[in-house]
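Q: What follows is a structure written as structure tokens; I'll ask about it next.
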Amino acid sequence: RVTGSSARLSTIRALSIRQHNLESPISFHTPQQRSFSASHDDFAPQKKHNLENEDDSSILKMIESHVQSNKIMLYMKGNPSQPMCGFSATVVQILKNQGVDFASVNVLDYPEVREGVKKYSQWPTIPQLYVDGEFIGGCDIVRDMHESGELSSLLKGEEGDKEKNE
């Protein structure tokens, strides 16, 4: 049995990455607020995992693992079905329009990851998109690449194929 910070880090790895299959429709509307009875544990507030005691190198290694093990990795505010900022919503919509699957981490749930990913990329803002282990950029860069068609080529791997053939 793994205990201590290693167990927390493993739990965060398992819980923080979600694979999103964009073949099924993603709804961007905000669900209506409903009041739930506090009589069942399923409706109780969930405690967020805490990485405060992890050092920077552990966080950076975890981010490296996310980026290297997922073809398309997005660090965002919120999640793809309910982005918590317009910039994250824009990048999610672009990826949805591209028809690609991607993994994401909600940095609002993990402040240490939020700061760590900024150090990892040396880029000060969220969202951050990574493709094939390479940092692509934030919302403006992703939008510009989408409009020019460059993002589609990158996501479909056409640029890499061209380089291999030359």
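The values are calculated or read from the model by the stated rules, or taken from the named source; none is laboratory data. Since this is a predicted model, take the numbers as computed values, not measurements. Ideal geometry is used to build each Cβ from the backbone, glycine not excepted, and the neighbour counts take in all protein chains shown.
Q: Of all the strands (runs of 3 or more DSSP E) wholly in the stretch 64-166, which have at least 1 residues that are touching a residue at least 24 places away in the same chain (Cβ under 8 Å) and surrounded by 21 or more Cβ atoms within 10 Å (Cβ to Cβ)?
A: Working: elements: 72-76, 102-106, 128-131, 134-137.
In the stretch 64-166, 72-76, 102-106, 128-131 are the strands (runs of 3 or more DSSP E) which contain 1 or more residues that are touching a residue at least 24 places away in the same chain (Cβ under 8 Å) and surrounded by 21 or more Cβ atoms within 10 Å (Cβ to Cβ).
Q: Still on this model: What do you reckon, is residue 59 at pLDDT 95 or above and either surrounded by fewer than 17 Cβ atoms within 10 Å (Cβ to Cβ) or among the β-branched types (Val, Ile, Thr) (or both)? Full working, then the answer.
A: Numbers: at pLDDT 95 or above: no; either surrounded by fewer than 17 Cβ atoms within 10 Å (Cβ to Cβ) or among the β-branched types (Val, Ile, Thr) (or both): yes.
So residue 59 does not fit the description; no.
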